[in-house]
1. Amide H to amide H under 5 Å from residue B:3: which residues, 5+ apart in sequence or cross-chain, H placed 1.01 Å off N in plane?
2. Averaged per residue, what accessible area in Å² does the protein assembly as shown show with a 1.4 Å probe, protein chains only?
3. Compute the longest continuous run of chain A that contains no exposed GluC sites (Glu not before Pro); treat a site as exposed when its DSSP state is not H, G, I, E or B and it has at most 14 other Cβ atoms within 10 Å.
4. Chains A and B: buried accessible surface, both sides, probe 1.4 Å, rounded to 100 Å²?
5. Could you work out what % of the accessible surface of segment B:16-88 is carbon and sulfur, using a 1.4 angstrom probe and leaving DNA, RNA and ligands out of the count?
6. Residues in segment A:79-98 near a label at residue A:50, defined as backbone nitrogen under 17 Å from the 7 Å Cα→Cβ point?
7. Can you work out the Karplus-derived ³J(HN,Hα) for every residue in segment B:37-49? Use 6.51 cos²θ - 1.76 cosθ + 1.60 with θ = phi - 60°, whole Hz, and x for glycine or proline.
8. I need the phi-derived Karplus couplings for segment B:7-15: 6.51 cos²θ - 1.76 cosθ + 1.60, θ = phi - 60°, integer Hz, Gly and Pro marked x.
Amino acid sequence: DTEVTQTPKHLVMGMTNKKSLKCEQHMGHRAMYWYKQKAKKPPELMFVYSYEKLSINESVPSRFSPECPNSSLLNLHLHALQPEDSALYLCASSTLAGGFETQYFGPGTRLLVL
Amino acid sequence: QKEVEQNSGPLSVPEGAIASLNCTYSDRGSQSFFWYRQYSGKSPELIMSIYSNGDKEDGRFTAQLNKASQYVSLLIRDSQPSDSATYLCAVQTSYDKVIFGPGTSLSVIP
(Lines give C-alpha, C1' and ligand atoms only; values in the text may rest on other atoms or scores of the structure.)
Protein backbone atom coordinates (compact mmCIF):
# COMPACT_ATOMS: atom_id res chain seq x y z
CA ASP A 1 0.00 0.00 0.00
CA THR A 2 1.50 3.34 -1.06
CA GLU A 3 -1.38 5.68 -0.27
CA VAL A 4 -0.86 9.29 0.64
CA THR A 5 -4.06 11.23 1.33
CA GLN A 6 -4.60 14.97 1.13
CA THR A 7 -7.44 17.20 2.22
CA PRO A 8 -9.15 19.23 0.99
CA LYS A 9 -9.21 18.37 -2.73
CA HIS A 10 -10.06 21.93 -3.65
CA LEU A 11 -9.72 25.19 -1.75
CA VAL A 12 -10.71 28.74 -2.61
CA MET A 13 -9.48 31.46 -0.29
CA GLY A 14 -9.19 35.21 -0.15
CA MET A 15 -5.92 37.01 0.40
CA THR A 16 -6.78 37.73 4.03
CA ASN A 17 -7.84 34.20 4.94
CA LYS A 18 -5.99 31.61 6.97
CA LYS A 19 -6.35 28.01 5.89
CA SER A 20 -4.49 24.72 6.24
CA LEU A 21 -3.74 21.82 3.94
CA LYS A 22 -3.44 18.36 5.44
CA CYS A 23 -1.50 15.31 4.34
CA GLU A 24 -1.49 11.85 5.88
CA GLN A 25 0.33 8.57 5.33
CA HIS A 26 0.25 5.41 7.42
CA MET A 27 3.05 3.53 5.73
CA GLY A 28 5.77 4.39 8.22
CA HIS A 29 7.60 6.51 5.66
CA ARG A 30 10.45 8.51 7.19
CA ALA A 31 10.16 11.65 5.06
CA MET A 32 7.31 13.87 3.91
CA TYR A 33 7.35 16.64 1.34
CA TRP A 34 5.38 19.62 0.10
CA TYR A 35 5.56 20.56 -3.57
CA LYS A 36 3.90 23.33 -5.53
CA GLN A 37 2.96 22.74 -9.15
CA LYS A 38 1.79 25.38 -11.59
CA ALA A 39 0.10 24.46 -14.85
CA LYS A 40 2.40 22.81 -17.42
CA LYS A 41 5.35 23.00 -15.02
CA PRO A 42 7.06 20.28 -12.98
CA PRO A 43 6.56 20.00 -9.21
CA GLU A 44 8.67 22.48 -7.31
CA LEU A 45 9.98 21.43 -3.91
CA MET A 46 8.93 23.60 -0.97
CA PHE A 47 9.65 21.73 2.27
CA VAL A 48 10.96 18.37 3.45
CA TYR A 49 10.49 16.78 6.86
CA SER A 50 12.73 13.90 7.77
CA TYR A 51 11.88 11.97 10.94
CA GLU A 52 9.50 14.81 11.87
CA LYS A 53 12.18 17.48 11.65
CA LEU A 54 12.34 20.16 8.94
CA SER A 55 15.31 19.26 6.79
CA ILE A 56 14.79 21.40 3.69
CA ASN A 57 13.12 24.78 3.23
CA GLU A 58 13.55 25.96 -0.35
CA SER A 59 13.39 29.66 0.55
CA VAL A 60 9.62 29.58 0.61
CA PRO A 61 7.84 32.84 1.64
CA SER A 62 6.76 32.95 5.27
CA ARG A 63 3.10 33.06 4.28
CA PHE A 64 3.54 29.27 3.91
CA SER A 65 4.19 27.55 7.22
CA PRO A 66 4.73 23.79 7.42
CA GLU A 67 4.07 21.65 10.45
CA CYS A 68 4.70 17.97 11.15
CA PRO A 69 2.74 17.01 14.31
CA ASN A 70 3.76 13.35 14.08
CA SER A 71 5.32 10.85 11.70
CA SER A 72 2.04 10.31 9.81
CA LEU A 73 0.80 13.88 9.44
CA LEU A 74 2.01 16.92 7.55
CA ASN A 75 0.24 20.28 7.45
CA LEU A 76 0.77 23.39 5.40
CA HIS A 77 -0.62 26.54 6.99
CA LEU A 78 -1.52 29.33 4.60
CA HIS A 79 -1.88 32.99 5.51
CA ALA A 80 -2.11 36.17 3.44
CA LEU A 81 -1.54 34.39 0.17
CA GLN A 82 -1.30 36.11 -3.20
CA PRO A 83 -3.17 35.21 -6.39
CA GLU A 84 0.10 33.90 -7.86
CA ASP A 85 0.12 31.25 -5.13
CA SER A 86 -2.78 29.55 -6.90
CA ALA A 87 -1.50 26.10 -7.86
CA LEU A 88 -1.74 22.38 -7.20
CA TYR A 89 -0.12 21.59 -3.85
CA LEU A 90 1.26 18.10 -3.69
CA CYS A 91 2.29 16.11 -0.67
CA ALA A 92 4.62 13.16 -0.99
CA SER A 93 6.22 10.66 1.34
CA SER A 94 9.22 8.46 0.79
CA THR A 95 10.55 5.16 1.96
CA LEU A 96 13.58 3.00 1.37
CA ALA A 97 12.96 0.47 -1.39
CA GLY A 98 15.82 -1.72 -2.50
CA GLY A 99 18.21 0.50 -0.54
CA PHE A 100 17.07 3.72 -2.18
CA GLU A 101 14.45 6.32 -1.30
CA THR A 102 11.29 6.19 -3.40
CA GLN A 103 8.73 8.97 -3.32
CA TYR A 104 4.96 8.59 -3.61
CA PHE A 105 2.56 11.46 -4.19
CA GLY A 106 -0.85 12.21 -2.81
CA PRO A 107 -3.68 13.40 -5.10
CA GLY A 108 -3.00 17.07 -4.37
CA THR A 109 -5.01 20.09 -3.25
CA ARG A 110 -5.97 22.55 -5.96
CA LEU A 111 -5.77 26.02 -4.45
CA LEU A 112 -7.28 29.18 -5.87
CA VAL A 113 -6.45 32.50 -4.23
CA LEU A 114 -8.80 35.34 -5.07
CA GLN B 1 22.61 24.74 -10.43
CA LYS B 2 21.68 21.08 -10.43
CA GLU B 3 19.43 20.53 -13.44
CA VAL B 4 17.36 17.89 -15.11
CA GLU B 5 16.45 18.25 -18.76
CA GLN B 6 14.12 16.28 -20.97
CA ASN B 7 13.54 16.09 -24.70
CA SER B 8 11.15 18.77 -25.73
CA GLY B 9 7.69 17.73 -26.73
CA PRO B 10 5.05 17.23 -27.48
CA LEU B 11 5.86 13.74 -28.72
CA SER B 12 3.31 11.98 -30.91
CA VAL B 13 3.46 8.28 -31.74
CA PRO B 14 0.93 5.96 -33.40
CA GLU B 15 -0.76 3.30 -31.33
CA GLY B 16 1.40 0.18 -31.07
CA ALA B 17 4.67 2.03 -31.69
CA ILE B 18 7.58 2.53 -29.31
CA ALA B 19 7.74 5.86 -27.49
CA SER B 20 11.20 7.01 -26.44
CA LEU B 21 11.62 9.60 -23.71
CA ASN B 22 15.02 11.02 -22.79
CA CYS B 23 16.45 12.79 -19.78
CA THR B 24 19.85 14.22 -18.90
CA TYR B 25 21.04 15.47 -15.54
CA SER B 26 23.89 17.66 -14.43
CA ASP B 27 24.76 16.35 -10.93
CA ARG B 28 27.22 13.51 -11.46
CA GLY B 29 26.72 12.38 -7.85
CA SER B 30 23.05 11.54 -8.36
CA GLN B 31 22.17 8.00 -7.38
CA SER B 32 18.45 7.45 -7.88
CA PHE B 33 16.35 8.12 -10.96
CA PHE B 34 12.62 7.98 -11.43
CA TRP B 35 10.01 8.27 -14.14
CA TYR B 36 6.60 9.60 -13.19
CA ARG B 37 3.50 9.76 -15.36
CA GLN B 38 1.10 12.63 -14.83
CA TYR B 39 -2.32 12.85 -16.40
CA SER B 40 -3.83 16.29 -16.77
CA GLY B 41 -5.24 17.51 -13.46
CA LYS B 42 -3.83 14.55 -11.52
CA SER B 43 -0.79 14.00 -9.33
CA PRO B 44 2.41 12.30 -10.55
CA GLU B 45 2.34 8.50 -10.49
CA LEU B 46 5.60 6.56 -10.12
CA ILE B 47 6.06 4.14 -12.99
CA MET B 48 9.76 3.26 -12.89
CA SER B 49 12.79 3.71 -10.66
CA ILE B 50 16.34 2.81 -11.60
CA TYR B 51 19.56 2.97 -9.61
CA SER B 52 22.16 0.96 -11.54
CA ASN B 53 23.60 1.32 -15.01
CA GLY B 54 21.79 -0.73 -17.62
CA ASP B 55 18.20 -1.60 -18.39
CA LYS B 56 15.28 -2.27 -16.11
CA GLU B 57 12.08 -3.69 -17.54
CA ASP B 58 8.58 -3.66 -16.09
CA GLY B 59 5.86 -4.80 -18.46
CA ARG B 60 5.78 -2.47 -21.46
CA PHE B 61 8.19 -0.02 -19.81
CA THR B 62 11.98 -0.14 -19.96
CA ALA B 63 14.18 2.36 -18.16
CA GLN B 64 17.80 2.75 -19.22
CA LEU B 65 20.51 4.43 -17.16
CA ASN B 66 24.00 5.49 -18.22
CA LYS B 67 25.70 7.32 -15.35
CA ALA B 68 28.85 8.02 -17.35
CA SER B 69 26.79 9.93 -19.91
CA GLN B 70 24.43 11.28 -17.22
CA TYR B 71 21.53 10.01 -19.23
CA VAL B 72 18.35 8.14 -18.39
CA SER B 73 15.60 7.12 -20.77
CA LEU B 74 12.20 5.48 -20.77
CA LEU B 75 10.91 3.29 -23.57
CA ILE B 76 7.23 2.46 -23.82
CA ARG B 77 6.54 -0.51 -26.09
CA ASP B 78 3.18 -1.12 -27.79
CA SER B 79 2.05 2.39 -26.90
CA GLN B 80 -1.62 2.75 -26.06
CA PRO B 81 -3.85 5.86 -26.10
CA SER B 82 -4.03 5.51 -22.30
CA ASP B 83 -0.28 6.22 -22.21
CA SER B 84 -0.99 9.78 -23.36
CA ALA B 85 0.24 11.92 -20.48
CA THR B 86 3.18 14.05 -19.35
CA TYR B 87 6.22 12.04 -18.31
CA LEU B 88 8.43 13.55 -15.64
CA CYS B 89 12.02 12.50 -15.13
CA ALA B 90 13.15 12.93 -11.52
CA VAL B 91 16.63 12.70 -10.06
CA GLN B 92 17.56 12.34 -6.41
CA THR B 93 20.50 14.69 -5.91
CA SER B 94 20.90 14.37 -2.15
CA TYR B 95 19.42 12.49 0.79
CA ASP B 96 16.09 14.33 0.79
CA LYS B 97 16.02 16.23 -2.47
CA VAL B 98 14.47 15.16 -5.75
CA ILE B 99 14.62 17.47 -8.76
CA PHE B 100 12.13 17.12 -11.58
CA GLY B 101 12.69 17.76 -15.25
CA PRO B 102 10.25 19.95 -17.17
CA GLY B 103 8.34 16.93 -18.49
CA THR B 104 7.61 15.56 -21.95
CA SER B 105 4.06 15.44 -23.20
CA LEU B 106 3.27 12.19 -25.00
CA SER B 107 0.31 11.74 -27.29
CA VAL B 108 -0.50 8.26 -28.63
CA ILE B 109 -2.63 8.49 -31.74
CA PRO B 110 -5.19 5.68 -32.29
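1. Hits under the 5 Å cutoff: B:26, B:27.
2. 47
3. In chain A, the maximal stretch lacking such sites is A:59-114.
4. So the total buried area for this chain pair works out to about 1700 Å².
5. Answer for segment B:16-88: carbon and sulfur cover 47 percent of the accessible area.
6. Zone members listed by number: A:92-97.
7. 10, 10, 7, 4, x, 10, 8, x, 10, 5, 10, 8, 10
8. 5, 6, x, x, 10, 10, 9, x, 4
The values are calculated or read from the model by the stated rules, or taken from the named source; none is laboratory data. Predicted, not measured: the structure shown is a model, and the values here were computed from it. All Cβ positions, glycine included, derive from the backbone under ideal geometry; neighbour counts span all protein chains shown. Each accessible area value is taken on the protein alone, full model and side chains, heavy atoms only, with ligands, DNA and RNA left out. Shrake-Rupley method; radii C 1.70, N 1.55, O 1.52, S 1.80 Å.
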